[in-house]
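Following: one structure in structure tokens, then a few remarks.
The values are calculated or read from the model by the stated rules, or taken from the named source; none is laboratory data. Here the structure is a predicted model, which means the values were calculated and not measured. No Cβ is skipped: glycine too gets one built from the backbone with ideal geometry, and neighbour counts run over all protein chains shown.
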Amino acid sequence: MEEVKKASKFEKTAARCWNLLNEGKPFTPIFVTGTFLLFFIGRIGDGAFWPAFLGSFLLILPLFVLYYLYDFPLFLRNYLWLPFIAYLMLFKIFNLPLLLFAIGLYFFFTVFFWGTFYYHLRIGTSWLNFTRFWKLVLKNSDSTSGNAQEQLPKFLLLLSVWYYYFQEFLQGHAFADVDWAQLLVFYAGVALYAFILHRNLFDWKPKAVSTYTNNAEVPTEPLNDKIVVIVIDGMRKDRFEAAHTPYLDSLRKNGTEFTNMETVYPARTVVCFSSMFTGTYSFEHGIKSNMVWSLGVKTESIFDSLRKVGKKGKMLAVAHLVDAFGKDVETYTAVMKNDIVDSQIMKKAKQIMDEQNPDLFIVQLISTDQTGHSRGVLYDEYLQKIYEADQHVKDFIAHLERTGKAENTTFIICADHGQADGIGGHGHLDEGERIVPFFMYGPKIKQGVRVEKRHSLVSVAPTLAYLLGAPYPSHSRGPVLLEGIEESKK
Ligand SMILES: [Zn+2]
């Protein structure tokens, strides 16, 4: 049998570097600085260039910080044009060729480099993907660099202010000549504006559970031998319901479905997985986006809980989940044609079950998510991927039945987040992202139950601990999903 490739060291590093350009927050300063240098590349040999460049850089630093802290999610991004207009009225100087160059470079980066070249090399999409991708970028509302309506007004303002002070320094001005009053009034105005907008209008973040898990005592005897969690990454709920999924439908019907399962904020893959398997939120586990600055979740995970009772958990996932869970993750390479990646993952999943036989096994299928990102979610290609996921799950569970590993096993099928329109983006909880498909199936799971009550993915870790007889992870907040679990008979 052909060996399924792990993500190499190079891929793990490359994935981190890519996240610097993929996540909107680090992208903005990197893009603005790169654009500025490229535009003036002919002059960087001049003696006057660097003092002017660095001097003006210091002056725009506060604006970089401000736009890093405030991401102006969803419709708030429309408000980003006002500071730019205010700048034009107040400062009256802008460099049109620089701004046009930046706009050109931005669409080159998103539509060609990312949407066409990168996807072609990594997952084998067509060289003509840009013919669709440009529409997706214009619409996209997530927290990545592909959010044109957020990035454009941000970098146009940053470049304009930078250029303003740059040309002043070039003309021989020193810091003493800067009109500090004008600068301070402008920055204070933008800061106040951003603060008030986010405070008053950004009100759709899911509310965190305020206590640690306390709705049940872990039973002294474990209810299950095993749990298998299959996360179909980026499977949007209404599209799941529109897709042909005979096998998943049968699990849903014969198990317990949670129809109002909410993901966390920001709905980025590494954040969602971190919340699912620690039972808490980003303010506690410390993972705030796919760009992980300080490796590892800061709280106990379900893997730690299992270790305490001599059990073993394993996750099979893409390279960047190592950033959150380290050695508990077995990676597969994400550099693979999207048509075959999920079947390769399942091949590897079977191998892990055969050879390592973990008590808890978590598998991440990525093809549905990747199709959403590269081709959009409102097309038949996306539904086709969901159907394929259905068949992969069927085949995998059949393998476990054959090898005697499905008898006293709970299966949990879910998504980590949905996807919005545009480039299938997710992060700010736009329509289609927040409520995810979620159902459990197995001998200890109630049959034919639909739970309408709102729940959160932070309930996954404590529910796993409860079923396997392990202590809750240290900072687990989600309540155990008791509505789906058969009461144990004395
Ligand atoms: Zn994801």
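General observations
- Restricting attention to region 460-490, the residues that are of a type outside the set (A, V, I, L, M, F, W, C), farther than 22 Å from K312 by Cβ and assigned to a helix (DSSP H, G or I) add up to 2.
- Qualifying residue in region 87-94 (condition: of a type outside the set (A, V, I, L, M), within 26 Å of A194 (Cα to Cα) and part of a helix (DSSP H, G or I)): yes
- Note on region 194-236: residues that are among the aliphatic types (A, V, I, L, M), touching an Asp or Glu at 6+ places or on another chain (Cβ under 9 Å) and farther than 23 Å from T269 by Cα amount to 1.
- Strands (runs of 3 or more DSSP E) lying entirely in region 235-345 (those with 2 or more residues that are within 16 Å of the ligand (Cβ to nearest atom) and within 15 Å of the chain's Cα centre (by Cα)): 313-318
- Unmet criterion (only one of (1) away from the ligand (no atom under 16 Å from the Cβ); (2) under 16 Å from R239 (Cβ atoms); (3) basic (K, R)) for K444: (2)
- Of the candidates E221, E217, the single residue that is without any contact (Cβ under 8 Å) to a residue 24 or more places away in the chain and either under 30 Å from N408 (Cα atoms) or part of a loop (DSSP other than H, G, I, E, B) (or both) is E217.
- Residue among N19, N95 that alone is within 30 Å of Q370 (Cβ to Cβ) and polar (S, T, N, Q): N19
- Taken over region 363-422, the residue count meeting the criterion of being of a type in the set (G, A, S), surrounded by fewer than 24 Cβ atoms within 10 Å (Cβ to Cβ) and under 24 Å from C272 (Cβ atoms) is 1.
- The numbered conditions (1) away from the ligand (no atom under 16 Å from the Cβ); (2) touching a strand residue (DSSP E or B) at 6+ places or on another chain (Cβ under 8 Å) are all true for F195 except (2).
- Contacts under 8 angstrom Cβ, first residue in region 8-32 being over 30 Å from V161 (Cβ atoms), partner small (G, A, S), 6 or more apart: E11/A319; E11/A334; K12/A319; A15/A7; A15/A319; A15/A334
- Looking only at region 19-39, and only at residues there that are hydrophobic (A, V, I, L, M, F, W, C) and surrounded by fewer than 17 Cβ atoms within 10 Å (Cβ to Cβ), the one that is modelled with the lowest pLDDT: L20
- Any hit, region 120-131, residues being without any contact (Cβ under 8 Å) to a residue 40 or more places away in the chain, in a loop (DSSP other than H, G, I, E, B) and of a type in the set (F, W, Y): yes
- For region 434-485, a residue qualifies if it is charged (D, E, K, R) and surrounded by fewer than 24 Cβ atoms within 10 Å (Cβ to Cβ), and the qualifying residues are R434, K444, K446, R450, E452, K453, R454, E483.
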